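The values are calculated or read from the model by the stated rules, or taken from the named source; none is laboratory data. Remember, it's a predicted structure, so these values are computed and weren't measured experimentally. Cβ atoms come from the backbone with ideal geometry, glycine included; neighbour counts cover every protein chain shown.
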Amino acid sequence: MKDVDVVVVGAGVTGLTAAVRLREAGLKVAVLEARDRVGGRLLTETVDGVRLEIGGQWVSPDQTALLAMIDELGLTTYPRYRSGDSIYIGRDGVRKTFRGDAFPVPSDTAMEIKRVAEELDRLAAQMDPLVPWEHPDAGELDQMSFGAWLAEQTDDQEASDNIGLYIGPAMLTKPAHSFSALSAVLMAASAGGFAHLLDADFILDRRIVGGLQEVPLRLAARLDDVVLSAPVDKIVWDDSSAVVGDYRARHVVLAVPPTLVNRIQFVPALPPVQAQMRQHQSFGLVIKLHITYETPFWRSAGLSGTAFSPYALVHEAYDNSNEDVDGDDRGILVGFVSDLRADALLALDPGERREKVLSSLAAYYGPEALTPVAYYESPWQADEWTAGAFGTSFDIGSLTRYGRHLRTPVGPLAIVSSDVAGLGFQHVDGAIRMGEAAAAAIIGATPAS
Ligand code: FDA
């Protein structure tokens, strides 16, 4: 048995941030990771000769914890390619091009989108995303699905579909009837306001030279005890210590998604409210698609590569060419298929899936989109150490029912991930904030050994 101050379970950004901060404070730390690599939901990998961001990749200006970490680790960023016109396909099925963040919809619809977006912004401004259950209207908003809330706000279907797109398929990756209006407001508040989610140039602003997995890789390089291929299946704990595998520690940072906490056997069992509440937080489902072409052909047609439609299989797509890789002048599109459409797509065989995705892209970019040189679907839903994407969110009513227990430590166990963050909820920024908060709480309570 090895004695350490802290065992960190999970070498995603949350766990590694906590481990680095604890190490810097002079504590003895071991990190146990189930996979044979670090990074969790961040994975930058070359597939069929193309470097891909299989998990998270974008950084936005509100993500100040991530931006500070990027600086600290000596990483640099570059802007997402966005010169030229964006594409929108409306309810009438007509493809239109536009500039800026106002979709080319009928003027009545545009006014409705603006009005409902302002209402969401008003509600988000009243919320501290760390404690959404304290919102003045929390009870009412948490009992109502976001879909029902939208239907109350407007009878303009296209306005409702567009507002819904930015929280449902694009963020929580669940259908709007399956999460509460309070969760929708949390998503907006955690990003600094709904207007930020509507603005792709803001929320998908920059990329990291070398890929976002550089963040966990460089954090791990600062640690000396990161054990890979070491899934934790049992934690024996009392009020002052815990035994995890071969380690005995005064503290444990359990930095795994909430959905995987109940997969671990706790001796004694977690208090009932802890075991209960994590049954009410679940992953959404989105398939991130990577489609590579000989050239970024859309650019010569004056297109930015940015495309949206609440009515298309691929509801959003962007130019994701590797501009940081010298000599790689291929064009890469990244697209997303979410929630119910993802269910239907996954029911098909791989050839049919590819055909459907490419024809959805062809509706945006024209027939050249049908002939890529490489095609890849990120497989997070099939990966036992994630099992969904992008992150987890709450059942209707469960934020107000359980929220106050979300980050409460249990004896020596701190249970954290980006899924319980306030600012940066479900994002790498939130993972850093949660890792730093867990470390600060332990450092405050533990003299260095
Ligand atoms: P994460 O899940 O990354 O880490 C948990 C770790 O615990 C994993 O390494 C896992 O293997 C390990 N683990 C689990 N159970 C274990 C056990 N029993 N024993 C040992 N180890 C165990 N964010 C963003 O900011 N910008 C973006 O563009 C995107 N886009 C995006 C796309 C896709 C496809 C995905 C899947 C996700 C994103 N995200 C994102 C979200 C972002 O990637 C995510 O919020 C953070 O990386 C989560 O970091 P955590 O460390 O909290 O969890």
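Key figures
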read-out: Single match in E45, E53 (criterion: within 15 Å of the ligand (Cβ to nearest atom) and farther than 25 Å from D199 by Cβ); value: E45
read-out: Single match in A184, A151, A176 (criterion: touching a residue at least 24 places away in the same chain (Cβ under 8 Å) and part of a helix (DSSP H, G or I)); value: A184
read-out: Residue match in segment 375-392 (condition: over 25 Å from the mean Cα position of the chain (by Cα) and either modelled with pLDDT of 95 or more or aliphatic (A, V, I, L, M) (or both)); value: no
read-out: Every residue from segment 6-19 that is more than 6 Å from the ligand (Cβ to nearest atom) and either at pLDDT below 95 or out of contact with any helix residue (DSSP H, G or I) (no Cβ under 7 Å at 6 or more places or on another chain) (or both); value: V7, A19
read-out: Pick from segment 328-339, criterion assigned to a loop (DSSP other than H, G, I, E, B) and among the acidic types (D, E), ranking: nearest to G84 (Cα to Cα); value: D329
read-out: Residue list for segment 154-173, filter: hydroxyl-bearing (S, T, Y), assigned to a helix (DSSP H, G or I) and over 16 Å from the mean Cα position of the chain (by Cα); value: S160
read-out: Answer from R218, R250 - the residue that is basic (K, R), in contact (Cβ under 8 Å) with a residue 12 or more places away in the chain and over 28 Å from T46 (Cβ atoms); value: R250
read-out: Members of segment 175-218 that are among the charged types (D, E, K, R) and crowded, with 21+ Cβ neighbours inside 10 Å; value: R207
read-out: Residue in segment 81-92 that is of a type in the set (S, T, N, Q) and in contact with a strand residue (DSSP E or B) (Cβ under 7 Å, 6 or more places away or on another chain) present; value: yes
read-out: Any hit, segment 142-153, residues being touching a Pro at 6+ places or on another chain (Cβ under 9 Å), among the aliphatic types (A, V, I, L, M) and over 19 Å from L198 (Cα atoms); value: no
read-out: Residue among V267, V357, V286, V273 that is in contact (Cβ under 8 Å) with a residue 40 or more places away in the chain, more than 23 Å from P104 (Cβ to Cβ), of a type in the set (V, I, T) and surrounded by fewer than 17 Cβ atoms within 10 Å (Cβ to Cβ); value: V273
read-out: Flag if G39 is part of a loop (DSSP other than H, G, I, E, B) and within 16 Å of the ligand (Cβ to nearest atom); value: yes
read-out: Test set (1) surrounded by fewer than 22 Cβ atoms within 10 Å (Cβ to Cβ); (2) out of contact with any helix residue (DSSP H, G or I) (no Cβ under 8 Å at 6 or more places or on another chain) - D339 fails condition number; value: (2)
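This table checks each residue for (1) within 15 Å of the ligand (Cβ to nearest atom); (2) within 17 Å of G15 (Cβ to Cβ); (3) in the same structural domain as L16 (by TED's automatic domain parsing).
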residue: S240; (1), (2), (3): no, no, yes
residue: R248; (1), (2), (3): no, no, yes
residue: V252; (1), (2), (3): yes, yes, yes
residue: P257; (1), (2), (3): yes, yes, yes
residue: F266; (1), (2), (3): yes, no, yes
